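To keep things clear, I will list the structure first and then write my remarks on it.
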Amino acid sequence: MKKGLLTKQNLCWVLLVAVVFGALQGLISAGIINPIYQTALMQIGINIILAVSLNLIIGITGQFSLGHAGFMCIGAYATGVMMKQGSPDIMGVLIGMAIGMAISAVIALIVAVPTLRLRGDYLAIATLGFGEIIRIVILNMDITNGAAGLVLPKVVTWQMIFIAVVICTVVIVNFGTSAPGRACIAIREDEIAAEAMGINTTKYKIIAFVIGAMVAAVAGSLYASSFYVIKPEMYTFNKSIDILVIVVFGGMGSVTGSFIAATVIGLINTFLQSFSSIRMIVYGAVLVLIMIFRPSGLLGTKEFTFSALFEKFEKNKEGK
């Protein structure tokens, strides 16, 4: 292991992940988190993966995409078909996930090459169109059972989703701090200036788009093997908007914000299930209030980091 990985900050992150996992497991063992809340917990985890992956495209790279549900659909149906045709167990899920990621990467590349030369509203409309094309193609395939969808066994547990959240987050965060990630941030800030500095903007936008699509396929795969039924109607334009709301709510460019937003929205939806008549009213009102008082989202582009926490602690110590 490289010495650079054994930093104080990384050890703190590992400890935090272990504490959160242990706390959740303890609450479940004690019966405080019952099966209903476990389902909500799994949904929150999947939404975090979706939000983090879309944040790479929209928040870090600055490309407005509305086709994310299409890549989630690919991951879900790749896993669903594998479980139906192959093995309805965790091995089938993993193989289906790998196939879904590969297909999503190829399709994302095909979509990205012509569309990512566009900007703003034109890019959003183009990606929206491709997302709908993906869904319609899957709808009309015999192997996917058409509009009836697929009924699948529940294989994935919340522990597996938790591990997937950690892995996907590490991939996205490390990409964001890498040289290609910094190039993507430069594109977000000023694409013309980035081009003038010699950055191949199309190349880095395509890389970010492909990675985001592959991570969305992972979320789709986990969803398919967690909630029994998948249908093409679950991956419409509205699903892409739901993911976009989480990203905007938390702050475009903030992975920490995506975690907080996905958790808050998930809890709101869970606790208001008994009040179906007012659930969407409260949900919409919360979003309106956030946009009024925090138009850049809960955190904007800010991130929680242990390094910043240590620096603040050192400054306070020196001030005394």
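The values are calculated or read from the model by the stated rules, or taken from the named source; none is laboratory data. The structure presented is a predicted model; accordingly, all values stated were derived computationally and were not measured. All Cβ positions, glycine included, derive from the backbone under ideal geometry; neighbour counts span all protein chains shown. Keep in mind that these areas ignore ligands, DNA and RNA; they rest on the heavy atoms of the full protein, side chains included. Shrake-Rupley method; radii C 1.70, N 1.55, O 1.52, S 1.80 Å.
For the reader, a short list of remarks on this structure follows.
- Candidate aspartates and glutamates for bridging to Lys312, where Cα separation is under 18 Å - those fewer than 8 sequence places away on the same chain excluded: Glu303
- Surface per residue (accessible, 1.4 Å probe) for region 117-204, Å²: 55 Å²
- Mean residue ellipticity at 222 nm, helices only, the chain: -24500 deg cm²/dmol; runs of at least 4 DSSP H residues each add -39,500 (n - 2.57), and the sum is divided by the number of residues.
- Projected label points at Arg182 and Ser277, each 7 Å from Cα along the beta carbon direction, are separated by 5.8 nanometres.
- Under the shape rule built on the C-alpha gyration tensor, where the axes satisfy a ≥ b ≥ c, region 94-201 is oblate, since a/c reaches at least 1.5 while a/b does not exceed b/c.
- Proximal aspartates and glutamates to Lys84, defined as alpha-carbon separation beneath 17 angstrom and excluding residues fewer than eight positions away on the same chain: Asp142
- The modelled label-to-label distance between Cys12 and Ile268, using points 7 Å beyond Cα along the C-beta direction, is 3.0 nm.
- At full extension, Ile241 and Lys302 could sit 19.7 nm farther apart than now, given 0.36 nm per residue minus the alpha carbon distance.
- Overall form of region 165-320 per C-alpha gyration tensor (a/c, 1.5; a/b vs b/c): oblate
- Label assignment, Cα extents along the principal axes in Å derived from the structure, set (i) 63, 38, 36; (ii) 68, 56, 48; (iii) 72, 42, 41: (ii)
- Restraint check, Lys203/Lys302; Lys205/Lys239; Lys8/Lys315; Lys8/Lys302, Cα-Cα greater than 19 Å: Lys203/Lys302; Lys205/Lys239; Lys8/Lys302
- Label point distance in nm, Ala196-Asp142, each placed 7 Å from Cα along Cα→Cβ: 5.9 nm
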